[in-house]
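Okay, so here's the structure we're looking at.
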């Protein structure tokens, strides 16, 4: 009985769908949420519609659509056909002052500029969106996600594809298991997990992790970065920095606060440019195979402990532009000469203070003045 | 054998390595025609040189390496020049003749250059390079930025002052070349096998993907797609191979990915590549149906369904 009723309902819906050029019964006003639940097909949403309705057309006879009007919500749902020939494309025209909640189980999603919030989800396929003034959650199990600017918070997830987004007005969360992340200016904090490279132009606090690939953050209030293999670079970090890479260089062109960085194979370069010399400016830089280079302010109070574990043959191991003031007098050791040069140095700058540990297993250490 | 003969015999090695200038070479060749002792020495050394050459048919030392070696040799000669007055002291003049030092420096430099190059060329373990040093040359064969490890004293003879040391020297490697060059390619393949460094593997795949038309590169990318633990590396391999998804072995690799890769994103990239390059192939449609019937991703199942529909 129930099955018979369902069949009857489907037939009625089918008749409704194809008796009109496009479903467009429910009124759309500012702030209305347009919901689409497509069992299959690519969704194309044109947000330049001038009429206060959402028009929808599906270019495949096997797909049946139902339109439901609710308070502040207009919903389109479709069945999942047993067999499909050819592609299925949903073409939706709506005013841009709406919220979008779109789901397709199989297909890509393409959306224009939207003034409201968007939730865009697909089980597989790419998602592209224009500028979104509100919040955005965009999720695909595989495929590229590409979006313009997002005004509010943003969450972008793909198992396989690359994530590309413009500027974000709120906080951001990015996850892609096998893809790349590229983002513009992000006003809030960022959590980014990627399978490959991560590149962010500017952000507040950043937590970035990648299995393999470079992490590049132009400017950030604080950075915590980890790479399974790749370089970690930042032009400017305004607060603390913590970074580790299994293989690759770490380069901070301007660090305003404390720095803890380590690499198993690669060079470390840090230029300390603090706003406040009285803040916490400790450093712990550890390189497995590679050189460590630091630039320090001349007035910095610091206790420097530099070690080269396995020195290179006949090369200078620790080079410092600061006058060396040993923390303890030499205890009967032969002074440096052509046969012996120290590979461990402890010295005080301006009477000592911030602990600066510089270590490389194989390489050289250079300490320069800003 | 007079002193001249000694000098000429020292030059024989350089002659065989084509490292003599025209004038010296002419003088030596003239002398070899006239002097039986030196001629014998030449023949003996040439025979050894031939054996070495037979064993190393592919050792084509690049020109920049030779230039570096010659520069090192020139530096060694400069150092000798600075200390010339010291050599001329009667007590040292017999043991430390300039020619002997020149020969030592040349052999050491060329030995090191060949050793470094061959170790880069060949994956097999190269035999240790024998280095000699005289009292005046301060270990010219060991680069200043090299690191010595596992150093052992093998022999020390107090009566002669001779010491034999053994160890390992490693130094940073920077290598320029085109992807077509065998050495560059071997280094990239080597990076692909670096199990502990997914970043290096990813970059190697990115570079190799620029020339996927080459068979060995295609094979390397297929290996990365099928065997690499890192999803980013596998995804990049799909991207590198997707334009060849109509070729049989690439198709087979993508089918393997569809059936075995746990990452839905990579499976989706594989199915997209396969369908884009193999339109209306009923045999593939059948295989895909079989391969994906248990796939939990609706996108993949739907794409296959659509593909099957298009072949009917």
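Only the coordinates and a few stated rules stand behind these numbers; no lab work does. On a predicted model such as this, the values are computed, not experimentally measured, just so you know. With ideal geometry, Cβ positions are generated from the backbone for all residues, glycine too; neighbour counts draw on all protein chains shown.
Peptide A:33-40 is shielded by partner chain Cβ atoms: per residue, an average of 1 of them sit within 10 Å of its Cβ. Can you tell me how the stretch A:124-279 classifies by the Cα gyration tensor, rounded, prolate or oblate, using a/c under 1.5 as the rounded cut? Verdict is oblate for the stretch A:124-279.
Indicate the gyration tensor shape class of the stretch B:205-276 (rounded, prolate or oblate), computed on the Cα atoms with a ≥ b ≥ c the square roots of the eigenvalues: a/c under 1.5 is rounded; otherwise a/b larger than b/c is prolate and the rest oblate. Let's see the in-between values first.
Numbers: a/c = 1.63, a/b = 1.21, b/c = 1.35.
Judged from the Cα gyration tensor, the stretch B:205-276 comes out oblate (a/c at least 1.5, b/c at or above a/b).
For peptide B:260-270, how many partner chain Cβ atoms fall within 10 Å of a residue's Cβ, on average?
Mean shielding count: 6.
Only helices enter this figure: runs of n ≥ 4 DSSP H residues, each worth -39500 (n - 2.57), summed and divided by the residues of chain A, yield -1500 deg cm²/dmol at 222 nm to the nearest 500. The mean number of partner chain beta-carbon atoms within 10 angstrom of a residue's beta-carbon across peptide A:229-238 is 2. Under a GNM of chain A (C-alpha, springs under 10 Å), which listed residue has the highest mean-square fluctuation: A:312, A:220, A:197? Largest GNM mean-square fluctuation: A:312.
In the stretch B:205-300, Cα pairs under 8 Å separated by at least six residues give a relative contact order of 23 percent.
Most tightly packed first, judged by the mean number of other beta-carbon atoms within 10 Å of their residues, the peptides B:253-265, A:246-258 read A:246-258, B:253-265.
Could you tell me which of rounded, prolate or oblate describes chain A, using a ≥ b ≥ c as the square roots of the eigenvalues of the alpha-carbon gyration tensor, with rounded for a/c under 1.5 and, failing that, prolate when a/b is larger than b/c and oblate otherwise?
Values: a/c = 5.02, a/b = 3.07, b/c = 1.63.
Cα axes put chain A in the prolate bin.
Across the stretch B:182-311, counting alpha-carbon atoms alone, Rg and Dmax equal 14.9, 48 Å.
Once C-alpha pairs closer than 8 Å and six or more residues apart are averaged by separation and normalised to the residue number of the stretch A:116-253, the relative contact order reads 12 percent.
With respect to chain A, whose longest principal axis is taken over its alpha-carbon atoms, helix A:2-19 is tilted by about 90°.
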